[in-house]
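So the structure is just underneath, and the comments pick up after that.
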Amino acid sequence: MVLDLIEQHLPAHRGVIVLHWFTGSKAEARRAVKLGCYFSVNAAMLRNDRGRALVESLPLDRLLTETDGLFTEVAGKPANPSDVVEAVKELASLHRKSIADIGRLIRANLRLLLEPTYG
């Protein structure tokens, strides 16, 4: 499993992991959080109860949005980077926050993630 490999081979000071379209269990998500992982979310992940429950359990300060979705569709068309707004809207609804607040949160998370590189 990916989390086992992270624990075994990636020293804590050597980078941050972003788990793209994470579909593990809530227990695995808690483990990933302890390892310092971030989670990228897309609108397709939030279209079913299991996905919504999993994403709702993730700490807000570890959420990012996905700007690609090669295998997903938005409004019947392949997803593209501008469709990230759909994930932001879904996250805002899920966490009972404004779209603007979730947008600011995602940008702040990204800044923190990139800070060691660009800060």
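Lysine pairs in the chain 8 or more apart or on different chains: how many have alpha carbons under 23 angstrom apart?
Details: LYS26/LYS34; LYS26/LYS89; LYS26/LYS97; LYS77/LYS89; LYS89/LYS97.
Pairs that pass both the separation and distance tests number 5.
Run the Debye formula on the Cα coordinates of the chain, all scatterers equal and no solvent, and tell me log10 I(q)/I(0) at q = 0.18 1/Å.
-0.97
Mind jotting down the distance between the C-alpha centroids of the range 85-106 and the range 11-42, whole Å?
After rounding, the separation between the Cα centres reads 20 Å.
Please give the calculated 222 nm ellipticity per residue for the chain, where each DSSP H segment of at least 4 residues contributes -39500 (n - 2.57) and the sum is spread over every residue; nearest 500 deg cm²/dmol?
Working: 5 runs with 57 residues, N = 119.
Mean residue ellipticity at 222 nm (helix-derived): -14500 deg cm²/dmol.
Could you tell me what percent of the DSSP beta bridges with both partners in the range 2-118 are antiparallel, to the nearest 5? Please list the in-between numbers first.
Numbers: 2 of 8 bridges.
If I count the DSSP bridges inside the range 2-118, around 25 percent turn out antiparallel.
Tell me which trypsin sites (Lys or Arg not before Pro) from the range 19-119 have a DSSP coil assignment and no more than 15 other beta carbons within 10 Å of their own. Mind dumping the intermediate values first?
Working: sites: LYS26, ARG30, ARG31, LYS34, ARG47, ARG50, ARG52, ARG62, LYS89, ARG96, LYS97, ARG104, ARG107, ARG111; in loops: ARG47, ARG96, LYS97.
Those that pass, being in a loop and sparsely packed, are ARG47, ARG96, LYS97.
Read the figures in this text as sums done on the coordinates, not as results from a lab. These figures come from a predicted structure and were not determined experimentally. Cβ sites come from the backbone with ideal geometry, for glycine too, and all protein chains shown count toward neighbours.
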